[in-house]
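Report on one structure; see the data block that follows.
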Amino acid sequence: MSTTTSYTLSATSKSSFVDAVQRVRAELKEEGFGVLCEIDVQATLREKLGVEQEPYTILGACNPPLAHQALSAEPELGTLLPCNVVVYQREGETHISAIDAERMLSIVGKDELASIAAQVRDKLAAVVRRSAG
């Protein structure tokens, strides 16, 4: 991870934006995630505000078995789901970032979520790493 923040797992890719989005989708599937929603932030801001910006896509990803375990332990957890993965372009560079599930779920304060969060983090870290490849 090259540009990881305190709450994300991030890397810069040599791929084009379009190729990176396709690669992220494939890597999410490889790790057992489905994409529940996709938000084209660039198009939304253009339509709603007349603002032009570089490409930015949010993929809302869900790993059903892990989501089921987490929701069984904490029904209110749905407010933090799905796990977002973003692909965006800044100054000609393509960036890939995913939420750090361990950091995100630490705010819940339930010990039984720790192992689930670690699994999600590991899977999303692999997605980011391989997508940036």
Report, by residue number, each residue of the range 97-111 that is under 16 Å from LEU80 (Cα atoms), in a helix (DSSP H, G or I) and either more than 15 Å from the chain's Cα centre (by Cα) or of a type in the set (Ser, Thr, Tyr) (or both).
SER106
Being buried (at least 17 other Cβ atoms within 10 Å of the Cβ) and of a type in the set (Gly, Ala, Ser) is the filter; apply it to the range 9-24 and report the residue that is farthest from ALA117 (Cα to Cα).
SER15
Test GLY78 against the criterion of being in contact with a Leu (Cβ under 7 Å, 6 or more places away or on another chain) and surrounded by fewer than 18 Cβ atoms within 10 Å (Cβ to Cβ), and give yes or no.
yes
Just to be sure I understand, how many residues within the range 10-54 are under 14 Å from the mean Cα position of the chain (by Cα) and among the aromatic types (Phe, Trp, Tyr)?
1
I'm checking my understanding of the structure. Among residues of the range 25-62 that are in a strand (DSSP E or B) and of a type in the set (A, V, I, L, M), which one is surrounded by the most Cβ atoms within 10 Å (Cβ to Cβ)?
ALA61
When the range 91-106 is examined, which residues are found to be surrounded by fewer than 22 Cβ atoms within 10 Å (Cβ to Cβ), on the phi < 0 side of the Ramachandran plot, free of Cβ contacts under 8 Å to residues at least 24 places away in the same chain and of a type outside the set (D, E, K, R)?
SER106
Would you mind finding the one in VAL108, VAL128 that is out of contact with any strand residue (DSSP E or B) (no Cβ under 7 Å at 6 or more places or on another chain) and among the β-branched types (Val, Ile, Thr)?
VAL108
Conditions (1) assigned to a strand (DSSP E or B); (2) loosely packed, with under 13 Cβ neighbours inside 10 Å: number failed by PRO65
(1)
Let me confirm something: among CYS37, CYS62, which residue is at pLDDT 95 or above, touching a Cys at 6+ places or on another chain (Cβ under 8 Å) and of a type outside the set (S, T, N, Q)?
CYS62
Only residues that are on the phi > 0 side of the Ramachandran plot and free of Cβ contacts under 8 Å to residues at least 24 places away in the same chain: list them for the range 1-50, please.
GLY50
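The values are calculated or read from the model by the stated rules, or taken from the named source; none is laboratory data. Keep in mind it's a predicted model, so treat the numbers as computed, not measured. FYI the Cβ positions are ideal-geometry reconstructions off the backbone, even for glycines, and counts take in every protein chain you see.
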